[in-house]
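Down below is the structure, laid out as structure tokens.
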Amino acid sequence: MNYLYLIVPVIIVLFAGIRIVRPTHRGLIERLGKYKKLADPGFHWIIPIVDRIFMVNITEQMVDAEPQEIITNDNLNASVDAQVYFRVKADEESIKGSTYDVDNYQWQIVNLARTTLRNIIGTLT
């Protein structure tokens, strides 16, 4: 009966550390705030409280870039709406870059696409 007090918390900790990474995602495992390794699809066990896992979607995503008014080269106003398609590459460097190198990669991709669209349409007549 005394062993029950030891076995139950150990079992709870073992189950609390189970993480499943889906084939459409990759995971970044951090130990005490420092990058440890890339988690490929499948079963992973992390140490609860010490380790954290961040999931990154590697499938193609579509984001609406919201309509915007653009002035063309001949000073006419044009309303342009766009959709942006993107995906994070499945290699370790790209996944780390999407999490650690930028604050919000999805928002930054959309803003870059909007700026590029304004520049291109601004040169047209």
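The table that follows gives values for the structure above.
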quantity	calculated
Failed item, numbered, when ILE120 is tested on (1) under 24 Å from the mean Cα position of the chain (by Cα); (2) of a type in the set (A, V, I, L, M); (3) not assigned by TED's automatic domain parsing to the domain that holds ARG19	(1)
The stretch 66-91, subset surrounded by 10 or more Cβ atoms within 10 Å (Cβ to Cβ) and small (Gly, Ala, Ser), residue modelled with the lowest pLDDT	ALA78
Qualifying positions in the stretch 97-106 - in a helix (DSSP H, G or I) and under 11 Å from the mean Cα position of the chain (by Cα)	GLY97, SER98, THR99, TYR100, TYR105, GLN106
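The values are calculated or read from the model by the stated rules, or taken from the named source; none is laboratory data. Please read all numbers here as calculations on a predicted model, not as lab measurements. Ideal geometry is used to build each Cβ from the backbone, glycine not excepted, and the neighbour counts take in all protein chains shown.
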